[in-house]
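Heads up, the thing below is written out as structure tokens.
The values are calculated or read from the model by the stated rules, or taken from the named source; none is laboratory data. Just so it is clear, the structure is predicted and the values come from calculations on it, not from any experiment. As a convention, Cβ positions derive from the backbone with ideal geometry for all residues, glycine included, and neighbour counts pool all protein chains shown.
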Amino acid sequence: MKVKRKNILIVVILLVIIAAANIYFDNNFLEVSQYTVKSNKIPTSFKDFKILQLSDLHSKNFGNRNNKLIKKINSENPDIVVMTGDMVNTKDTDFEVFINLAEQISKRYDTYYIVGNHEQNLNDDRRKILIDKLNEIGIRVLDNEKVTITRGTESINLYGLWFALRYYKDLNNEYTKDVFFGAKQIQTILGNLDIDSYNILLTHNPLYADTYSNWGADLTLSGHIHGGMIRIPFIGGLLSPERKFFPKYDAGKYQVNGKILIVNRGLGNGDFGIRVFNRPEISVITLSD
């Protein structure tokens, strides 16, 4: 009997060690996901144009001064870098980790940034400090606006969208659970787009994918869901920040009304805690005609 108990204890200890090692791996080892996006609207000069997406860093360090993350980015040699929100935490006493990363990236790549809900939750003074610093180091902060990226005589459009936090629809909050961000709202914020041009939308929350695609975004890049934090094999992400189980758009590439949505699993953990079967992700999107 004592031998049997000892064997059981050994097995339990081994399982705990394996689980702990797996959780450490899932939370600290970066994964690069490659996506190819095709459209006959993509100009010839933008064939093989490479967009690298970062999201939801939450002030996490991958190595000293994020050297592991920088190494991964440089190995991809993107044409541009986009950051789709929550790169800091609301409770940060300073933004040193993210600013240091942003400085290193902006020296080498044209970089575009939108705010997420954590940046929106900063008080006005602290948010201004963050945005001013990003502008100072040369990162283009897209504040519900468009920028045109040009190669020769051809161009594509890049939009940055944020919206009021009530549209994030926390299902535990009576004030937010029944609101909807639709055609009227996005039209008011961003106006009309040129449907003959190729239009990319950066927006933190993928919840309103139908609205984005119906408005005319050919490609939408989002984050926010953290891949559901705990990913169940063959099923998907378990929980969204809105406290919704098995969110529809948790991670990866989707077809929505004939348009493309890519949801990045994020880099940090935010308020969720830990990742399980859900490594921190860098998305690399290559355009093709």
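Residues in the range 42-66 that are under 17 Å from LEU261 (Cβ atoms) and either exposed (fewer than 15 other Cβ atoms within 10 Å of the Cβ) or small (Gly, Ala, Ser) (or both): SER55 alone. Scanning the range 239-281 for residues that are under 26 Å from LYS91 (Cβ atoms) and polar (S, T, N, Q) yields a count of 4.
Evaluation of LYS244 against the conditions (1) without any contact (Cβ under 8 Å) to a residue 40 or more places away in the chain; (2) closer than 18 Å to ASP210 by Cβ shows that the sole unmet condition is (1). Run down ILE139, ILE149, ILE105 and say which single residue is more than 20 Å from ASN66 (Cβ to Cβ) and touching a strand residue (DSSP E or B) at 6+ places or on another chain (Cβ under 7 Å). Unique residue meeting the criteria: ILE149. On the given criteria, is PHE234 within 17 Å of the chain's Cα centre (by Cα), among the aromatic types (Phe, Trp, Tyr) and surrounded by fewer than 22 Cβ atoms within 10 Å (Cβ to Cβ)? No: the conditions fail for PHE234. Within the range 242-272, the set of residues being part of a loop (DSSP other than H, G, I, E, B) and either crowded, with 21+ Cβ neighbours inside 10 Å or β-branched (Val, Ile, Thr) (or both) comprises PRO247, TYR249, ASP250, ALA251, ASN264, ARG265, GLY266, LEU267, GLY268, GLY270. Number of residues in the range 273-289 that are out of contact with any strand residue (DSSP E or B) (no Cβ under 8 Å at 6 or more places or on another chain) and either of a type outside the set (Val, Ile, Thr) or crowded, with 17+ Cβ neighbours inside 10 Å (or both): the value is 1.
Would you mention how many residues in the range 194-231 are surrounded by fewer than 17 Cβ atoms within 10 Å (Cβ to Cβ) and part of a helix (DSSP H, G or I)? Going through the range 194-231 one residue at a time, the tally reaches 2.
The residues of the range 173-193 that are closer than 18 Å to ASN157 by Cα, among the hydrophobic types (A, V, I, L, M, F, W, C) and either at pLDDT below 95 or assigned to a loop (DSSP other than H, G, I, E, B) (or both) amount to a single one, LEU193. For residues in the range 242-264 being over 20 Å from VAL284 (Cβ atoms) and basic (Lys, Arg), which is modelled with the highest pLDDT? That would be LYS248. If you filter the range 210-231 down to residues that are under 22 Å from MET87 (Cβ atoms), more than 13 Å from the chain's Cα centre (by Cα) and of a type in the set (A, V, I, L, M), you find that the one that is modelled with the lowest pLDDT is MET229.
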